[in-house]
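Quick notes on the structure that follows.
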Amino acid sequence: MEEYAREPCPWRIVDDCGGAFTMGVIGGAIFQSIKGFRNAPSGWKQRFAGSVVAIRQRAPIIAGNFAVWGGMFSTIDCTLVHFRGGKEDPYNSIISGAATGGILAARNGLPAMVGSAIIGGVLLALIEGVGICFTRLSAEQFKPPSLVEDPSQFTTPSQGYPS
Amino acid sequence: MFVRVSWPDQKAQGLNCLHKMIDFRNNSGAVDADNGKYNNTNIPVTSQPSLAPLSPFLNFDPSYLPVSQPEFIFPDGALKQRGRFELAFSQIGAACIAGAGIGGTSGLYRGIKATSIAGETGKLRRTQLINYVMKGGASMANSLGVITIMYTCAGIGLTWLRGTDDSFNTVAAAATSATVFRSPAGVRKAGIAGAIAAGVAVMYCLWNNGGLSVQRMNGWKHPA
């Protein structure tokens with residue numbers, strides 16, 4: 001993962017779609033295994049069988065929903081980057097999150113669209129905020145130990161050789 | 001041995017030094033060794049953004065720079081190709097999008113057929129068509145995506161186990177993923193799926209490595 005970097009724009013859609021699908025598969029498998037285990041009739045064998053059935057039935061659907069979200073999100077993100085003249089900032093992500101939420105709820109009527117758009121925007125704003133906080137915190141430790149405020153300090157003589 | 005210098009002391013020392021050494025602020029040229037030939041020696045040593053294009057290090061023939069082909073710099077000992085893990089998300093995403101396209105198209109075809117048989121028109125038919133497309137696209141995308149996840153996991157695992165990344169990994173990963181995906185349908189069907197996947201992977205590897213030329217076949221027969 002150490003070499004992992006975000007792809008340039010048109011390919012980012014494919015990449016994000018795959019990443020979201022993977023996330024959905026893993027998360028869905030964990031959730032559905034617990035759910036299937038709890039809902040199955042008693043007996044270890046039956047519980048594990050219920051787990052497997054639940055994963056097989058539901059995890060791909062959850063993954064597919066995630067993938068649609070990720071793909072739509074980066075499609076709008078790339079479109080915004082294109083039309084705003086190559087700008088990639090937190091507003092981009094927030095706008096595309098809200099738009100994605102709205103578009104994907106398009107079949108459920110206008111109130112559902114508005115609600116989903118607000119949820120999407122707030123979610124992405126939170127993610128971006130956390131990201132900015134992490135960047136700030138990690139940038140803190142790479143700061144030079146003391147910034148020079150006075151130009152005279154540039155010529156601090158090396159110890160032992162006074163001129 | 002370390003000598004602790006208190007803060008104002010150090011500052012004063014620095015100021016003193018500045019006056020002695022690099023005081024170019026008022027050089028009239030009269031008393032200098034170069035007889036005032038260079039009367040402005042007040043040239044900054046540090047780089048300045050406005051002077052960057054005038055850097056002497058850029059003073060060379062630009063035709064040395066290759067523009068026709070990209071020049072990649074690889075770290076020592078690194079593979080000249082991205083690893084399976086870095087390609088995994090792209091492959092999964094490509095499989096999902098391709099599956100959505102194929103499934104959506106076939107769903108649209110089935111929907112048009114079914115709705116014209118049922119004689120639905122207008123709004124009802126439109127909603128029904130959307131339902132068909134969504135259903136077909138989602139199921140195909142999910143299946144292909146899950147197969148690709150299995151394939152990438154198997155590929156990464158095999159690469160990790162064997163320590164190398166070659167065509168054998170591709171074939172074995174394809175066979176494994178297809179077998180696992182079809183395993184609920186029974187041993188026989190799973191085996192058939194695995195065999196088909198292995199065949200497809202072999203063909204892909206042959207195409208990817210430049211086909212079956214005579215030189216390559218001789219190279220396999222008589223390894224250097």
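Here are a few things to note about the model shown:
- Modelled spin labels at residue A:47 and residue B:206, positioned 7 Å past Cα toward Cβ, are 5.1 nm from each other.
- Over the stretch B:164-211, the hull volume per residue, using the convex hull of the C-alpha atoms, is 54 Å³.
- P(r) tail fraction, the stretch B:83-161 - alpha-carbon pairs more than 15 Å apart, %: 61 percent
- Between residue B:196 and residue A:119, the simple spin-label model (points 7 angstrom out along Cα→Cβ) gives 3.8 nm.
- Net charge contributed by nearby residues that have their C-beta within less than 13 Å of residue B:136 (K/R +1, D/E -1): +3
- Counting Cβ atoms of other protein chains within 10 Å of each Cβ in A:57-70 and taking the mean gives 4.
- When the accessible areas of B alone and A alone are added and the area of the pair subtracted, with a 1.4 Å probe, the result is around 2400 Å², both sides summed.
- Other protein chain Cβ atoms within 10 Å, averaged over every residue that makes up B:139-151: 4
- Of the chymotrypsin sites (Phe, Trp or Tyr not before Pro) found in the stretch A:2-55, the ones in coil according to DSSP and having at most 11 other Cβ atoms within 10 Å of their Cβ are A:4.
- Once both labels are positioned 7 Å from their Cα atoms along Cα-to-Cβ, the gap between residue A:130 and residue A:142 label points is 2.2 nm.
- Per residue of A:9-22, other chain Cβ atoms within 10 Å of the residue Cβ number 6 on average.
- Pairwise FRET efficiency - residue B:118 versus residue A:31, Cβ, R0 = 35 Å, nearest 0.05: 0.40
- Pairs spanning more than 31 Å between alpha-carbon atoms, out of B:135/B:189; A:35/B:135; A:35/B:123; A:87/B:135; A:35/B:113: A:35/B:123; A:87/B:135; A:35/B:113.
- Start at zero, step by 10 Å, and the Cα-Cα distances of the stretch A:7-87 spread as 21, 32, 21, 15, 8, 3, 0 percent across the bins.
The values are calculated or read from the model by the stated rules, or taken from the named source; none is laboratory data. Values in this document were obtained by computation on a predicted structure and should not be read as measured data. Cβ atoms come from the backbone with ideal geometry, glycine included; neighbour counts cover every protein chain shown. Side chains are part of the model used for accessible areas, which takes the heavy atoms of the whole protein and leaves out ligands, DNA and RNA. Shrake-Rupley method; radii C 1.70, N 1.55, O 1.52, S 1.80 Å.
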